[in-house]
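**Student:** To start, I am sharing the structure in question, which I have written as structure tokens.
The values are calculated or read from the model by the stated rules, or taken from the named source; none is laboratory data. None of these values were measured; they are calculated from a predicted model. Don't worry about glycine lacking a Cβ; one is built from the backbone with ideal geometry, like all the others, and counts go over all protein chains shown. The protein model used for the area step is the full one, side chains on, heavy atoms only, and it has no ligands, DNA or RNA in it. Shrake-Rupley method; radii C 1.70, N 1.55, O 1.52, S 1.80 Å.
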Amino acid sequence: FVFASMQNAYFGKQKKLNVERIKKSQTKFQVPLTDEKGRGMFITVEQDLPTLNALRLAMSIGFYAGNGFKWNDNVYYDGMMAEPLPIQKVISDGYKNILVLLNMPLNWNDEDDNLFLRLLKYYWLRNKSSEFCMAYFSRQMRYKNSLNHILNHDLINMNISIIAPSSACINLPFYTRRSNILRRAAEEGISIIEESFNTKIPIKPLLEDKLR
């Protein structure tokens, strides 16, 4: 996935999501949502909503999504606010072998918002419920608590693997077509996966060819 994303970004291509494959899959695909009261809920893709609508709803990131996504006469936002790391949901569903993919390093701390962003967020939150505001401002703390719960081996009879980027990878720009930066990001992702699963991925020669 890391390699495919880097390759497509470099050549300016967009890889379409294979919705039909998701529909035919025997694997249950669930995504979390946050309602207007800051409460979390989970929906099953294709069972509750078509794939693209479900993803739009689940990825309506608070503040940046403005008014969220309306469904069944209710407004929903990114599930990260209510369920920043839904490990308890996975366990309650009976799963024993769990793979956690993080988009930030294990010891990552968000920087404080600058004054301009603080004013914008205040304007956005002024008409939201107190419960919603609490969920929004406590999301990072609850995320770290869940992550510490996993890292401290508090979960018995569970086989849990975590893949997270290093701090060096986070310093990459969000959007770029520079081959040296894309190569660095792809190699970083490959090395993390190889180290996590104690295996070698025969993809580097192909990577060199594509990003030359």
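**Student:** For segment 127-212, please list each of the helices (runs of 4 or more DSSP H) lying entirely inside it that holds at least 3 residues being surrounded by 15 or more Cβ atoms within 10 Å (Cβ to Cβ) and modelled with pLDDT under 75.
**Tutor:** Helices (runs of 4 or more DSSP H) meeting the threshold: 179-197, 204-210.
**Student:** Could you tell me whether any residue of segment 89-101 is touching a Ser or Thr at 6+ places or on another chain (Cβ under 7 Å) and of a type in the set (Gly, Ala, Ser)?
**Tutor:** no
**Student:** Within segment 77-112, how many residues are free of Cβ contacts under 8 Å to residues at least 12 places away in the same chain and in contact with a helix residue (DSSP H, G or I) (Cβ under 7 Å, 6 or more places away or on another chain)?
**Tutor:** 0
**Student:** If we keep just the residues of segment 42-62 that are among the hydroxyl-bearing types (Ser, Thr, Tyr) and more than 13 Å from residue 82 (Cβ to Cβ), which is least open to solvent (accessible area, probe 1.4 Å)?
**Tutor:** Ranking the candidates gives 51 first.
**Student:** Additional query: Determine which member of the set 69, 63, 1 is modelled with pLDDT under 90, closer than 30 Å to residue 179 by Cβ and not small (Gly, Ala, Ser).
**Tutor:** From the options 69, 63, 1, the qualifying one is 1.
**Student:** List, please: which pairs have Cβ atoms under 6 Å, are six or more places apart or on different chains, and start with a residue in segment 19-34 that is in contact (Cβ under 8 Å) with a residue 60 or more places away in the chain and open to solvent by 60 Å² or more (accessible area, probe 1.4 Å) and end with one that is β-branched (Val, Ile, Thr) and assigned to a loop (DSSP other than H, G, I, E, B)?
**Tutor:** Hits for this filter: zero, empty list.
**Student:** Just to be sure I understand, how many residues within segment 84-120 are charged (D, E, K, R) and crowded, with 16+ Cβ neighbours inside 10 Å?
**Tutor:** Of the residues in that region, 0 qualify.
**Student:** A follow-up question, please. So residue 81 fits all but one of (1) at pLDDT below 85; (2) surrounded by 15 or more Cβ atoms within 10 Å (Cβ to Cβ); what number is the exception?
**Tutor:** It fails just one condition, (1).
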